[in-house]
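The values are calculated or read from the model by the stated rules, or taken from the named source; none is laboratory data. A quick note: this is a predicted structure, and the numbers were derived from the prediction, not measured. Using ideal geometry, Cβ is built from the backbone for each residue, glycine included, and neighbour counts are taken over all protein chains shown. Accessible surface is based on the protein model in full, side chains and every heavy atom, while ligands, DNA and RNA are left aside. Shrake-Rupley method; radii C 1.70, N 1.55, O 1.52, S 1.80 Å.
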Amino acid sequence: MGPQDERRQPLLHSSSDTEEEAAYDAAEKVQIVSGGGGDGDGDDPSASSGRPSSSGGAPPFSWRKLWLFTGPGFLMSIAFLDPGNLEGDLQAGAIAGYSLLWLLMWATAMGLLVQLLSARLGVATGRHLAELCREEYPPWARMVLWVMAELALIGADIQEVIGSAIAIKILSNGVLPLWSGVVITAADCFIFLLLENYGVRKLEAFFAFLIATMAMAFAWMFADAKPSGTELLLGMLIPKLSSRTIKQAVGVVGCIIMPHNVFLHSALVQSREIDHNQKGRVHEALRYYSIESTAALVISFIINLFVTTVFAKGFYGTPAANSIGLVNAGQYLQEKYGGGLFPILYIWGIGLLAAGQSSTITGTYAGQFIMGGFLNLRLKKWLRALITRSCAIVPTMIVALVFDTEETLDVLNEWLNVLQSIQIPFALIPLLYLVSREQIMGSFKIGPVLKIVSWLVAALVIVINGYLLLDFFSNEVTGIMFGTVVSGFTAAYVAFILYLVSRGLTFSSWRNLVQSKTVTATES
């Protein structure tokens, strides 16, 4: 084996890996054609002969191949369109008007960077983030990471299921209460299993339909509201921030990075059959995934833009601005814009239902990868989906029965946002640690410039969410006992983050230094 083959060794799968939990079985993966034509089952001549592609370069661009690689990015983008994000959009529009559109754009760009790194990890290693965390961290640390990932997923799922239940209540004219909407939404687990049996592409097509439904519903609202095009452009191009809108600004950035979505995307990209023996094929996959992920998040940004500008046009500067939330948004829209050809209340309900249903199903998907990766469980898919769905539905049903009022749901949503904010470092830091390591990524590790930019983005997101936590707990923590518990939790939380950061920076740098000295000594 030559030096070039040794450098590519981290991309290869050992025979023992076939005994472990994998994101997709070989039979489930989408086969990639070798050129611009074919039916999807063709093979590359150099691949069949075992030769690496010439000079390690990617094959020429092919629209056919781009279509075959399209799918994972759009499933990933649904986390940018879940009910929690929609609530952040409408509150930002109602309270800050058009002034935070520039921040929404740059927050989406930061989210794209994180998701591209997640895809890079999955493509280059052939393993997803949860699996690699299981292998790279000591048992106590990986158990903490697993628990945190599960808590983040449950918190996100509660918001998504509640969002669907609210939409069902709107569309049924209040006939179906919140708890019945939760039961109906729980059934999406079986829809997911049914679609998965028909193959990855059928599942991706279903999600494309839901995204198209959201796009059409919120575009209809946008056309009804007729926001100012000039103010929209100025809001996107001119950064503007005031003390009055700082909380909404923090919320816009904070809700873009979803911890479970970082785990999810690194697994979704493995749904395509890629020859990891050929560097050029890995480069090719990364190129196509980058294009389709960027396109997906551009579409998600436009949808979020529609929601923000509709509420900016209708409610900015009005007494109702501070009281609008996910629960009452439809009623406020109806009172402001009236019935029209098709009542805007129902248009909002359809868009919200598509957002809730799509995000809950992807949550089930993410739950399978997280549980299977961290615990190395090889369960039947229906059983694994049932377990992950039950983890969210049981607490959500309790929530729906106890918090079935507008005020209590708003309070609950604040706590769930805090839960999401707490979990973000436990997905971002391991991701950056892993994509920076040559032992894991081989020649596909990120370079020094991208590494600095990525850590700066991660630090910014963590600091912003830290501000949210500080603001929340400074208002909510009262009493010595509660304050002591929160202080103890905060100390342990910060200590674990410092451990992850030190492992990601110091340990990795030390290993690279030792390796470089070894190479120098050998050459001399």
Practice task
Look through region 444-489, keep the residues that are β-branched (Val, Ile, Thr) and under 18 Å from residue 427 (Cα atoms), and return whichever of them is surrounded by the most Cβ atoms within 10 Å (Cβ to Cβ).
Solution key: 461
Exercise for the section: Determine if region 96-103 includes at least one residue that is open to solvent by 10 Å² or more (accessible area, probe 1.4 Å), in a helix (DSSP H, G or I) and in contact with a Pro (Cβ under 7 Å, 6 or more places away or on another chain). Expected result: yes
Fill in the blank from the handout: Here the residues within region 78-92 that are open to solvent by less than 10 Å² (accessible area, probe 1.4 Å) and closer than 16 Å to residue 153 by Cα are 78, 79, 80, 81, 82, 83, 85
Handout entry: Positions within region 133-178 being closer than 20 Å to residue 349 by Cβ and outside any helix (DSSP H, G or I), in sequence order
Key = 172, 173, 174, 175, 176, 177
Exercise for the section: Say whether the condition of being out of contact with any Phe, Trp or Tyr (no Cβ under 9 Å at 6 or more places or on another chain) and under 30 Å from residue 271 (Cα atoms) is met by at least one residue in region 230-238. Expected result: no
Problem - Contacts under 6 angstrom Cβ, first residue in region 315-342 being closer than 19 Å to residue 413 by Cβ and among the aromatic types (Phe, Trp, Tyr), partner open to solvent by less than 30 Å² (accessible area, probe 1.4 Å) and in a helix (DSSP H, G or I), 6 or more apart - result: 315/94; 315/321
Handout entry: Output for region 313-361, where each listed residue is surrounded by fewer than 21 Cβ atoms within 10 Å (Cβ to Cβ) and among the polar types (S, T, N, Q)
Key = 318, 322, 323, 328, 331, 334
Exercise for the section: Just give me the residues in region 255-295 being assigned to a loop (DSSP other than H, G, I, E, B) and either under 13 Å from residue 77 (Cα atoms) or open to solvent by 10 Å² or more (accessible area, probe 1.4 Å) (or both), in sequence order. Expected result: 255, 256, 257, 258, 273, 274, 275, 276, 277
Handout entry: Residue count, region 216-246 (criterion: touching a helix residue (DSSP H, G or I) at 6+ places or on another chain (Cβ under 7 Å), in a helix (DSSP H, G or I), modelled with pLDDT under 90 and open to solvent by 30 Å² or more (accessible area, probe 1.4 Å))
Key = 1
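Among 236, 216, which is in contact with a Leu (Cβ under 9 Å, 6 or more places away or on another chain) and either under 22 Å from residue 299 (Cβ atoms) or touching a residue at least 40 places away in the same chain (Cβ under 8 Å) (or both)? Before you say what the answer is, go through the steps one by one.
Numbers: 216 fails: in contact with a Leu (Cβ under 9 Å, 6 or more places away or on another chain).
From the options 236, 216, the qualifying one is 236.
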Practice task
Confirm whether residue 213 is hydroxyl-bearing (Ser, Thr, Tyr), open to solvent by less than 60 Å² (accessible area, probe 1.4 Å) and within 25 Å of residue 395 (Cβ to Cβ).
Solution key: no
